[in-house]
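Q: I'd like to ask some things about the structure below.
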Amino acid sequence: QVQLVESGGGLVQAGGSLRLSCAASGRTFSNYDMAWFRQAPGKEREFVAAITWLRGINDYADSVKGRFTISRDNAKNTLYLQMDSLKPEDTAVYYCAAGRGGYIRLEIGYNYWGQGTQVTVSS
């Protein structure tokens, strides 16, 4: 089992920045692909960014590429999402996920999920 706890969400004005954190406990964090997904009101959950356990390859949704940066600190068992140049359409609940399914852009690639943290971007 892997337990995931997100933090760092909040209210920010458009153009501002936030850094989300996801603290992991349980099994070896470094052996898992990690990702951020988000779900806006009335919409399905969508992929935001992922970082693989092997070689630390990053992948981003087109909507956040160039604005968001995913990173991981295996020594601290923590995943991060630096979000810059935030837009109102980034408003959502952001979820951290861990898995070894190989499909890093898809929910089926992840076995473990956090409870989510709310990010609200005002215009």
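Q: Ordered by residue, what ³J(HN,Hα) values in Hz, to whole numbers, does the range 117-122 give under the Karplus form 6.51 cos²θ - 1.76 cosθ + 1.60, where θ = phi - 60° and Gly and Pro are x?
A: Couplings: 9, 7, 10, 10, 10, 8 Hz.
Q: Placing +1 on the Cβ of each Lys and Arg and -1 on the Cβ of each Asp and Glu in the chain, which of Thr52, Phe68, Leu18 has its Cα farthest towards the positive end of the resulting dipole?
A: Thr52
Q: Further question on the same structure: How big is the range 1-64 on each of its three principal axes, counting only the C-alpha atoms and giving the largest first in Å?
A: If we take the Cα atoms of the range 1-64, the spans are 36, 24, 23 Å.
Q: Once the Cβ-Cβ distance between Gln13 and Thr69 is put in as r, and R0 is 22 Å, what FRET efficiency do you end up with, to the nearest 0.05?
A: Once rounded, the FRET efficiency stands at 0.65.
Q: Can you list the GluC sites (Glu not before Pro) in the range 1-97 that are in a DSSP coil and have 11 or fewer other beta carbons within 10 angstrom?
A: Working: sites: Glu6, Glu44, Glu46, Glu89; in loops: Glu44.
Here the sparse-neighbourhood loop sites are Glu44.
Q: Read phi for every residue in the range 42-50 and hand back ³J(HN,Hα) as whole Hz from Karplus 6.51 cos²θ - 1.76 cosθ + 1.60, θ = phi - 60°, with x for Gly and Pro.
A: x, 10, 6, 5, 10, 5, 10, 7, 9
Q: Return one whole number: the accessible area per residue of the chain in Å², for a 1.4 Å probe.
A: 51
Q: I would also like to ask the following. Estimate the FRET efficiency between Arg105 and Ala23 by the formula 1/(1 + (r/R0)^6), using the beta-carbon distance for r and 22 Å for R0, to the nearest 0.05.
A: Given R0 = 22 Å and the Cβ-Cβ separation, E is 0.40.
Q: Kirkwood hydrodynamic radius of the chain from all distinct Cα pairs, in Å?
A: For the chain, inverting the mean 1/r across all distinct Cα pairs yields 14.1 Å.
Q: Additional query: Name the most mobile residue of Ala97, Ala50, Ala14, meaning the one with the largest mean-square fluctuation, in a Gaussian network model of the chain with Cα contacts below 10 Å.
A: Taking springs between Cα atoms under 10 Å, the residue moving most is Ala14.
Q: Taking the Cβ-Cβ separation of Thr52 and Ser122 as r and a Förster radius of 35 Å, what is the calculated FRET efficiency to the nearest 0.05?
A: According to the calculation, E is roughly 0.55.
Q: In nm, to one decimal, how far is the modelled label at Ser30 from the one at Gln3, with both set 7 Å along Cα→Cβ?
A: In this crude spin-label approximation the distance works out to 2.3 nm.
Q: What's the carbon and sulfur percent of the chain's accessible surface, probe 1.4 angstrom, rounded to a whole number? Each step should come with its number before you reach the end.
A: Details: 2950 of 6320 Å².
Answer for the chain: carbon and sulfur cover 47 percent of the accessible area.
Q: Here is a follow-up. Among the aspartates and glutamates, which fall within straight-line cross-link reach of Lys65, defined as a Cα-Cα distance under 18 Å, with same-chain neighbours fewer than 8 residues apart omitted?
A: Answer for Lys65, where 18 Å is the Cα cut-off: Glu46, Asp84, Glu89, Asp90, listed by chain and number.
Q: Continuing with this model, one more query. Tabulate in residue order the Karplus-calculated ³J(HN,Hα) for the range 99-107, using 6.51 cos²θ - 1.76 cosθ + 1.60 with θ = phi - 60°, rounded to whole Hz; enter x for Gly and Pro.
A: Ordered by residue, 3J(HN,Hα) equals x, 10, x, x, 9, 6, 8, 10, 4 Hz.
Q: Tell me which chymotrypsin sites (Phe, Trp or Tyr not before Pro) from the range 6-94 have a DSSP coil assignment and no more than 14 other beta carbons within 10 Å of their own.
A: Working: sites: Phe29, Tyr32, Trp36, Phe37, Phe47, Trp53, Tyr60, Phe68, Tyr80, Tyr94; in loops: Tyr32, Trp53.
Passing both the DSSP loop test and the Cβ count: no residue.
Q: Shifting gears a bit: Counting other Cβ atoms within 10 Å, keep those with at most 16, restrict to DSSP loop, and tell me which trypsin sites (Lys or Arg not before Pro) in the range 58-109 are left.
A: Qualifying residues, ordered by number: Lys65, Arg67, Lys76, Arg100, Arg105.
Q: Is the range 42-96 rounded, prolate or oblate when judged by the Cα gyration tensor, a ≥ b ≥ c being the square roots of its eigenvalues, rounded requiring a/c under 1.5 and prolate requiring a/b larger than b/c?
A: Prolate.
Q: Using alpha-carbon pairs under 8 Å, 6+ residues apart, how would you state the relative contact order of the range 1-101 in percent?
A: Relative contact order, the range 1-101: 35 percent.
The values are calculated or read from the model by the stated rules, or taken from the named source; none is laboratory data. As the structure is a prediction and not an experimental result, all values here were calculated from the model. We place every Cβ from the backbone using ideal geometry, glycine too, and count neighbours over all the protein chains shown. These area figures cover heavy atoms from the full protein model, side chains too; ligands, DNA and RNA do not enter into them. Shrake-Rupley method; radii C 1.70, N 1.55, O 1.52, S 1.80 Å.
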